Every structure is written in C-alpha cells, then in structure tokens.
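Contents: one structure, followed by commentary.
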Amino acid sequence: MARCNFLAVGFLVSLLGAGAMGSDIGHTVKTLDGKEVDLSKAYDGKVLLIVNVASRCGLTPQYEGLQALHEKYQEQGLRVLGFPCNQFGAQEPGTAEEIREFCSTNYNVTFDMFAKIEVNGDGASPLYQQLTAKDTNPKGAGNITWNFEKFVIGRDGRVVARFAPRTGPSAPEFIETIETALGK
C-alpha cells in the first residue's frame, strides 16, 4: 500500500512539475490595489526578483535600477516584484495610494508592486518566512537586514540567490545571476 502511495505522489509530481510542488513562491499575496495574486500561477515559468522596498530610505534610489532591470529583461521573462515594508526605521509609512504615487512620480515604476507587508518577526508574511529560511548564496538564511534585500527566483519557482540591501541592481554579480537564471 505504501509503495502505491509513493508511486502516486511521484506521478503527480511529474505531472505538475517543480512549480507546483516544492516551489518557494507558492503563496497568495495582495497587490497595492488589494487584489489577491497566487504567485506560483501568475508568474509560472518566470524569473522573479523579489525586493522589500521603502520610499524614505537611503537606498530608495535603487528603484531606478530595479525599473531598468524590468525594462531590459521583461521580454526574456524577468518580473520584478516590490513589497513595501515599514519595519526598518519606519521608512515606508505611506498608504497603498501614497506608495503607488511616490513610485510612479519619482521613479516611473511599472513593475508589479504589492501591499505593504512585514518581512521579519511573528507578523512576517508566509512568503518571506519561506524565503528567509533558505540558506542561499551569497547572503544565506536569516532575517531581512534592511530595505532593498533581494531574492532571485528561478523559472522553477525556487530561490537561486539572495543579495544584501547594498548590492545594487547594477552590480555585476547581481546582473550575472539574473542573466544566468534567464538562460542567457
């Protein structure tokens, strides 16, 4: 009986692929507009760059580089996902509308932005609980240290790399990781 169950699970995994089972992005989140999005369905087969962002941070100019990545690589399958967070120095105090307006007016952001979340502690979103549990190079597992920490997710839905906040979107090692994930 156990052998039959094991074979059935194996068969399901092969039918569903890596994206459905074992994905690091199998979570539902809300957009800035309050719409629910199942990440694993909405971004199936895409390379993702997941970033916790803030509007009043010394690193906020990274929005410009994130938008440039979005524009340069979106046709090849990259999607940038911004998750506002107010846990670091209260640097993202705005409402969803204020965040949208700030990003649009100051950085012409057109990549996908989501509702404000917590990334550490008891209130951390399930997505970030899963992402921060991964022992990923070059940064490793553990709490988010500040705004603009970056996770690169491969087309299979699994974390490829994690970068510290000060690693900018144009850093050579960061670009190399994105291009490798895209299959360039």
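Out of the residues in the range 87-97 that are among the polar types (S, T, N, Q) and surrounded by 18 or more Cβ atoms within 10 Å (Cβ to Cβ), state the one that is nearest to the chain's Cα centre (by Cα). Give the steps one after another, and end with the answer.
To start, the set of residues in the range 87-97 that are among the polar types (S, T, N, Q) comprises 87, 91, 95.
Filter again for surrounded by 18 or more Cβ atoms within 10 Å (Cβ to Cβ), leaving 87, 91.
Numbers: 87: 17, 91: 19 Å.
If we take residues in the range 87-97 being among the polar types (S, T, N, Q) and surrounded by 18 or more Cβ atoms within 10 Å (Cβ to Cβ), then 87 is nearest to the chain's Cα centre (by Cα).
Conditions (1) closer than 16 Å to residue 50 by Cα; (2) loosely packed, with under 13 Cβ neighbours inside 10 Å; (3) modelled with pLDDT under 95, marked per residue:
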position: 74; (1), (2), (3): yes, no, no
position: 81; (1), (2), (3): yes, no, no
position: 99; (1), (2), (3): no, no, no
position: 107; (1), (2), (3): no, no, no
position: 125; (1), (2), (3): yes, no, no
position: 130; (1), (2), (3): yes, no, yes
position: 136; (1), (2), (3): yes, no, yes
position: 144; (1), (2), (3): yes, no, no
position: 149; (1), (2), (3): yes, no, no
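Within the range 151-179, track down each residue that is touching a strand residue (DSSP E or B) at 6+ places or on another chain (Cβ under 8 Å), part of a helix (DSSP H, G or I) and farther than 18 Å from residue 53 by Cβ.
173, 177
Checking the condition at pLDDT 95 or above and under 18 Å from residue 128 (Cβ atoms), which residue from 35, 46, 30 passes? Don't jump to the end; show me each part of the working.
Numbers: 35 fails: under 18 Å from residue 128 (Cβ atoms); 46 fails: under 18 Å from residue 128 (Cβ atoms).
The conditions single out 30.
Can you run down the residue pairs with Cβ atoms below 8 Å, 6 or more apart or on separate chains, where the first is in the range 118-138 and more than 18 Å from residue 163 (Cα to Cα) and in contact (Cβ under 8 Å) with a residue 40 or more places away in the chain and the partner is of a type in the set (D, E, K, R) and surrounded by 12 or more Cβ atoms within 10 Å (Cβ to Cβ)?
125/118
The values are calculated or read from the model by the stated rules, or taken from the named source; none is laboratory data. Since this is a predicted model, take the numbers as computed values, not measurements. No Cβ is skipped: glycine too gets one built from the backbone with ideal geometry, and neighbour counts run over all protein chains shown.
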